[in-house]
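The values are calculated or read from the model by the stated rules, or taken from the named source; none is laboratory data. The structure presented is a predicted model; accordingly, all values stated were derived computationally and were not measured. Using ideal geometry, Cβ is built from the backbone for each residue, glycine included, and neighbour counts are taken over all protein chains shown. Heads up: the accessible areas ignore ligands, DNA and RNA and are worked out on the full protein's heavy atoms, side chains in. Shrake-Rupley method; radii C 1.70, N 1.55, O 1.52, S 1.80 Å.
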Amino acid sequence: MYECSKCVISPNWSVWSLGDGQPPEEIEKQIDTPPLSILLIEKPQSGSINVGGDITFTAKVEAKDLLRKPTIKWFKGKWMDLASKTGKHLQLKESFDRFTKIHTFEMHIIKAKENYAGNYRCEVTYKDKFDSCSFDLEVKGFSEGQDDAGELDFSGLLKHSTTTEKIAFMYGITDLRGLLRRLKKTKKEEKKSEAFAKRLEPAYQVDKGGKIRLVVDLADPTVELKWYKNGQEIRPTPKYIFEHKGTQRIMVINNCQINDDAAYSVSAGEEKCTTELFVKELPVNIVKHLEPVKTTVNERIELECEVSEEGAKVILCHFCVKQNGVEVPTGVRSRYRVKSEGTKHWLIIDDATKDDTGTYSLMATGGTTEAKVQVELKPLKILMDLQSVTVLLGQPLKLNCEIYPGNIPGRWYKNGQLIQPSERLTIIHRTKNHSLDIESSTIHDAGDYTFVPEGYTQTLSAKNALWANSADPPRVHLEALNVQDNTVVIVAGNKLRLEIPISGEPAPRVVWMKGERVILDSGNRVRAETFADHTCLTIDIAEREDTGNYKIVLQNEAGEDTASVKIKVVDIPDAPEAPLVTDVGGDWCTMTWEPPRYDGGSPILGYFIERKKKQSSRWMRLNFDLCKETTFEPKKMIEGVPYEVRIFAVNAIGVSKPSEPSKPFLPLAVTSEPTMLVVDDVTDTTVTMKWRPPDTIGAAGLDGYQVEYCIEGTDEWILANKELIEKTRYTITGLPVEAKLLVRVKAINAAGASPPRTTQHSILVKEVIEPPKIRIPRHLKQTFIRKVGEVVNLVVPFVGKPRPKVNWLKEGQPIDQTINIRNSDCDSIMFIRKAERKHSGKYELSVQVENHIDTATLDIQIVDLPGPPQAVKIEEVWGNNVALDWNPPKDNGNAPIIGYTIQKADKKTMEWYTCIEHYHRTCITISDLVVGNEYFFRIYSENMVGLSESATATKDSALIVKEGLQLKIPEYNDRDFTEPPIFTQPLINTFAVAGYNATLNCSVRANPRPKVIWMKNKITIIDDPRYRMFSNQGVCTLEIRKPCPFDGGVYTCKAVNDLGEAQVDCKLEISIEEE
């Protein structure tokens, strides 16, 4: 394939162009003209993004006529299937809307890179239907000259390869970019293969429709072999045939087509070798060349040519038309259409114009043909010329002519000036006829008229003359109005009838005009009437727009007279603009506004003001006497309730419409002053103050506090905090030593600053010595125990001023370097990341301020598992009893030994069983051993950490021998131990924190062993994974895993056996931990 910047040209595709027949390498841009889509109802559109941006391309397919989901594939360039490239930068998604029956397919490109730019293609297939669409992605910041295009693009290889593409196209190599990219991969040096005796060649070429054999030679013929095409495994079909000849493995590809142009690979075990197959297409030759055409404007042009190969793609796709080297669109709305039947192709131009003149060319891979098209104007014929006319003043004037061709437009000129149509003057063009109509001619309409057909040099001319009888010249008698400055005042909405005497012989023609507009006698609301001795202007309902100068023009054969009358329509003023609320208090506000733009022709006398609550629709007037100013201060409002205000303007005519409401505002008051302002701390350069919030805050709330100070002897208050603080404590820094100052605090909210709270006396900036005092936490007053390997983090608070000096010692010696000490103004932290036995001991903490010192001692014990017992031996064996004796372990793990665990094992099986746990003595007698068995024994030691890691076993075994004596067992009467269930320890009410496991415990005694039932709110708990129930030696436990507030309630434990039953209750409350 040959790729240009905008479209792809197949060897059997053709290109129409208009110009000098440029070869394909000079075509910079082409316009795709895809066929009418049969599957896609919405196609992906080209897009542009910045590097690192995200973009989504969407394709939609209507499924009303489809029985199953269509198949969609996304490609980049020609052959790169993007289904194998999905990952963090590329995602393919699809969805189906059951209501609209539309399949939606989306391709998301995430955090785009520069090399993602290029041409993409979407292909949709359903049974025998196929549809496709190409689109472009532009990534801004794309750098030229890239050596490799990375995951998705290879355009950098051919960025400046115009000459190479030209040669490749002329010789039938239509996918030069893919060829170079794949050949570049084959240049990598291959290591010696252990699986292949002979590998595939780097590349193969085959003609379209031909057959190709791919052969490899295996070193081990038993290795399983798999063939792949573009990463997809190939199965045997009539197209793909696999053959075995000794160690050779052959894949035969029959009837090679364009879609077989791909990357092939073969894997043998863990090794793989690859090759590229290039399918060469035969060039398309031009059989019948284009013929030149000469025609006239508005005719139909058909350019016909014939190529050597027939194909559907030629008929439906990729026609480009160029006009003198510039592309001419061939879309639905274009005059240019492309038609194809078999090997014949036509370019059809409907309704040709002179702009269509030029050289048209068609390009195929096997050659180029061109033809010249010349479009000329048809000869002009004047069927009826313009005639000179003479008309009376005020009479209609009509000029017309007829020309051929009839569809030629033209322009009218008067004395060389272009005539534009108006209400009085009409220009009409109907087929061959062109006419100019003047409704009522005036003295100014006389002159030379010319009609010029468009595109021709010929013109049609005529002369128009106006005449009148000689008599008394006309005159307007305005003095009869008896008004000052010829100005008539009327109130809007009233009727005006203005009669003005006139004279002249013959009777003059009267024209009333307002500006450039003529007032006719046929008007509805405004009309002019003329009588024998006077003229009358009537305005039925006067409007504001009627204000202005009215001109009276009198004309007869004897001359002309003009006069002007000013009509002033007064009205109520316009509504003022929305008022502006400039200041707001607790129950008042200050508002201002601008006067209305139009005062109605009468001065503004004053304003009415109204207000309402924002949630209400009822307006209340605030003033009954007109407000002369443009400011007002409404009062008696409710604090915290939003209000709106509006304005009415008043003049002598009446009251205007209301203005737009102001923006809603809240009457808000400042808070009261802060309370209990006291000094919290003083150093040589700082003063720390603390206070309580104001007693009265109000609806505006409290935004924060502002702290200021004034050095004694000055009147300047200095702001200590640039930003508001929410806490009621603040430290003023950077103060001069031994200076005296006053401090005040203000509370700030939306309404402003409150009155300040000031200290009563001046504060001396000098630090006061405070003896140190260590405040040992309660849990550190006793021995602090941790296991080996655990974290030790001890915080010891203290007080003292100035900052005390802190020193740690361990039994009089400096502490180990593995112990981290961090000190602050108020505490000292000992941190051990991984505790060891050597960290045990007594630590002394000393805190010193000048000559004052305080000390404290901390006892830390790091414990570990104990060692095994020593010298375990068998002291005596008699009957079925064995007496054992041992010594305590050498290493007790830095903790007292709390017991021992003794186990026994039969010599035959050597499986160990526990005889007894938590045994405190160092000697024991093991009874109830089986006669005839031989036993070994071992013992574990135990401390608070746990059992020792190993046990000490007896070196010798104990054999239980059967004795000859027969023991007469006396008879005893068995005691009846049976009893009904009795709870020896009841349940107790418990409080638990949500999210942390909770347990309920009680103990019961009964014989035979009772059945224990747990209930919540009298409902039995059965197979609930949130609960675990235990029963051991009569101790009953219910564990609730990570309870929530809904797990609270009354829990019951019920014990039942054959002799009776008993139950106990408790209440469980769950609280939520506060963050």
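Condition first: open to solvent by less than 40 Å² (accessible area, probe 1.4 Å) and more than 30 Å from TYR709 (Cβ to Cβ). Can you find one or more residues in segment 622-633 that meet it? There is at least one residue in segment 622-633 that is open to solvent by less than 40 Å² (accessible area, probe 1.4 Å) and more than 30 Å from TYR709 (Cβ to Cβ). Among residues of segment 912-934 that are under 12 Å from VAL882 (Cβ atoms) and without any contact (Cβ under 8 Å) to a residue 60 or more places away in the chain, those with a beta-carbon under 6 Å from a residue that is part of a strand (DSSP E or B) and basic (Lys, Arg) at least six positions away or on a different chain give the pairs CYS915/LYS904. Criterion applied to PRO986, PRO1010, PRO980 was being open to solvent by less than 40 Å² (accessible area, probe 1.4 Å) and of a type outside the set (D, E, K, R), and the one residue passing it is PRO1010. Only one of the numbered conditions (1) within 16 Å of LYS766 (Cα to Cα); (2) part of a loop (DSSP other than H, G, I, E, B); (3) out of contact with any Lys or Arg (no Cβ under 9 Å at 6 or more places or on another chain) is not met by VAL737, and that is (3).
Taken as a whole, segment 671-687 holds at least one residue that is surrounded by fewer than 18 Cβ atoms within 10 Å (Cβ to Cβ), under 30 Å from THR582 (Cα atoms) and either without any contact (Cβ under 8 Å) to a residue 12 or more places away in the chain or under 47 Å from the mean Cα position of the chain (by Cα) (or both).
If you go through segment 492-513 and keep only what is surrounded by fewer than 18 Cβ atoms within 10 Å (Cβ to Cβ) and not hydrophobic (A, V, I, L, M, F, W, C), you end up with GLY493, ASN494, LYS495, ARG497, GLU499, PRO501, SER503, GLU505, PRO506. Based on this model, can you work out whether ALA352 counts as part of a strand (DSSP E or B) and touching a residue at least 24 places away in the same chain (Cβ under 8 Å)? So ALA352 does not fit the description; no.
In this entry, LYS801 is excluded by the filter for residues that are in contact (Cβ under 8 Å) with a residue 40 or more places away in the chain and open to solvent by 70 Å² or more (accessible area, probe 1.4 Å).
Looking across segment 237-265 at every residue that is part of a strand (DSSP E or B) and within 45 Å of the chain's Cα centre (by Cα), the one that is modelled with the lowest pLDDT is identified as ALA262. Residue count for segment 442-469 satisfying the condition of being among the hydroxyl-bearing types (Ser, Thr, Tyr), at pLDDT below 80 and crowded, with 16+ Cβ neighbours inside 10 Å: 1. Which of the residues that make up segment 269-306 are under 48 Å from the mean Cα position of the chain (by Cα) and either more than 20 Å from LEU200 (Cα to Cα) or in a strand (DSSP E or B) (or both)? Across segment 269-306, the qualifying residues are GLU271, LYS272, CYS273, THR274, THR275, GLU276, LEU277, PHE278, VAL279, LYS280, GLU281. The set of residues in segment 49-74 being of a type in the set (Val, Ile, Thr) and part of a loop (DSSP other than H, G, I, E, B) consists of VAL51 alone.
The set of residues in segment 1020-1075 being of a type outside the set (S, T, N, Q), open to solvent by 60 Å² or more (accessible area, probe 1.4 Å) and part of a strand (DSSP E or B) consists of ARG1028, MET1029, PHE1030, VAL1035, VAL1050, GLU1061, ASP1065, LYS1067, GLU1069.
For first residues located in segment 714-740 and at positive phi, partners that are exposed (fewer than 10 other Cβ atoms within 10 Å of the Cβ) and of a type in the set (Ser, Thr, Tyr) and lie 6+ apart or on another chain with Cβ distances below 9 Å do not occur.
Just so you know, in segment 733-752 the residues that are closer than 30 Å to LEU666 by Cβ and open to solvent by less than 50 Å² (accessible area, probe 1.4 Å) include one that is modelled with the lowest pLDDT, and it is ALA751. Across segment 586-604, the number of residues qualifying as over 51 Å from the mean Cα position of the chain (by Cα) and surrounded by fewer than 15 Cβ atoms within 10 Å (Cβ to Cβ) comes to 1. Out of curiosity, is PRO421 open to solvent by 60 Å² or more (accessible area, probe 1.4 Å) and either among the β-branched types (Val, Ile, Thr) or farther than 30 Å from ILE572 by Cβ (or both)? Taking the combined requirement at face value, the residue satisfies it. Taken over segment 811-860, the criterion of being acidic (Asp, Glu), open to solvent by less than 100 Å² (accessible area, probe 1.4 Å) and either more than 20 Å from LYS787 (Cβ to Cβ) or assigned to a loop (DSSP other than H, G, I, E, B) (or both) is satisfied by ASP816, ASP825, ASP827, GLU836, GLU844, ASP854. Once segment 544-568 is narrowed to residues that are assigned to a helix (DSSP H, G or I) and open to solvent by 20 Å² or more (accessible area, probe 1.4 Å), the residue that is nearest to LEU393 (Cα to Cα) is GLU545. Residues that are open to solvent by less than 100 Å² (accessible area, probe 1.4 Å), out of contact with any Gly (no Cβ under 7 Å at 6 or more places or on another chain) and not in a strand (DSSP E or B) within segment 706-732 comprise GLY713, THR714, TRP717, ALA720, ASN721, THR728, listed in sequence order.
Condition check ((1) touching a residue at least 24 places away in the same chain (Cβ under 8 Å); (2) part of a loop (DSSP other than H, G, I, E, B); (3) aliphatic (A, V, I, L, M)) across all residues:
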site	(1), (2), (3)
PRO980	yes, no, no
ILE988	yes, yes, yes
GLY995	yes, yes, no
ALA1006	yes, no, yes
